[in-house]
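The values are calculated or read from the model by the stated rules, or taken from the named source; none is laboratory data. Remember, predicted model here, so these are calculated numbers, not experimental data. Don't worry about glycine lacking a Cβ; one is built from the backbone with ideal geometry, like all the others, and counts go over all protein chains shown. Side chains included, ligands, DNA and RNA excluded: accessible areas come from the protein's heavy atoms. Shrake-Rupley method; radii C 1.70, N 1.55, O 1.52, S 1.80 Å.
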Amino acid sequence: MAVLVNHFDRGKPFYPLVMNYLLLLSSIKDFLVEGALQHVTATGLVQATTRRIELQPSPRSLQLMGPIPPNTPLSAAFRMLELRHPSQLASNPGEPSTSQQLETIEKILQDLEGPLELRCKVQGSPIKVPRTLLVAELPRDPSYLLSFTMRAASILLVLAYELTTQYHDKGPLWEFLRHCRHAAAHGGRFHFKPGEPRRHAEWAGIRLDASLDGTPLFQESAATTGLLDPGDPIRLLWDIEQAFPQMRC
């Protein structure tokens, strides 16, 4: 049975999580289209209108284009296309013939301009997410959906903490991140056991103490307050990175 993404029950937990996931993927797709168009438009190879893309190859534009270079918007678009039609791409899309290259570029641009489609092994057919669905869903209750968008900031802190364990010490910066990570992973609120925090946890003049028990990590609605604002995770991680220049992936 095909899954209709807007049929999730709005009164149950999964609807806002699925919608935010789809909004993220849809935004990535739109940026890839824009980047790919900028890349090929610079060669004179493509003419784009609001709803139509036409390839217009010429010897000069083909010479300018050359092989599809790695780490460009167009090569990134190949990867996005693989989410939908992996069998249609060559095993090494960086070195196709000219005719294959033109055919694939046209496919990328036209395909990515269409609705978001996600391969699904279990279903056997893509899960289709028309842009009109997202446009219609978001205004229905934007405060509800955007409150879950803030969970993405929580996930950022969780991953930042887990990916840097070898650099952690007992200092106030890492302790601050540790408690924020715990709050993010446990319902989005600080929860201190008796006697916690046991070590000094402070960043940018914000000191964590037991009085913050139960306080939301981020403001989740107009009726609540939160310790941090949406931009704070970025600044926190920047300050940690500057304080620990030896960190590497």
- How many residues, within segment 209-249, are crowded, with 18+ Cβ neighbours inside 10 Å and among the charged types (D, E, K, R)? 2
- Item | Selected residue (criterion: farthest from ASP232 (Cα to Cα)) from residues of segment 170-191 that are in contact with an Asp or Glu (Cβ under 9 Å, 6 or more places away or on another chain) and open to solvent by 20 Å² or more (accessible area, probe 1.4 Å) | HIS191
- Exactly one of PHE190, PHE244 is within 23 Å of ARG151 (Cα to Cα) and among the hydrophobic types (A, V, I, L, M, F, W, C), and that one is PHE190
- Filter pass, THR149 being open to solvent by 90 Å² or more (accessible area, probe 1.4 Å), under 30 Å from GLU117 (Cα atoms) and not in a strand (DSSP E or B): no
- Within segment 159-178, tally of residues that are free of Cβ contacts under 8 Å to residues at least 60 places away in the same chain, assigned to a helix (DSSP H, G or I) and not basic (Lys, Arg): 7
- Residues of segment 123-135 classified as out of contact with any strand residue (DSSP E or B) (no Cβ under 6 Å at 6 or more places or on another chain) and within 13 Å of LEU22 (Cα to Cα), total: 6
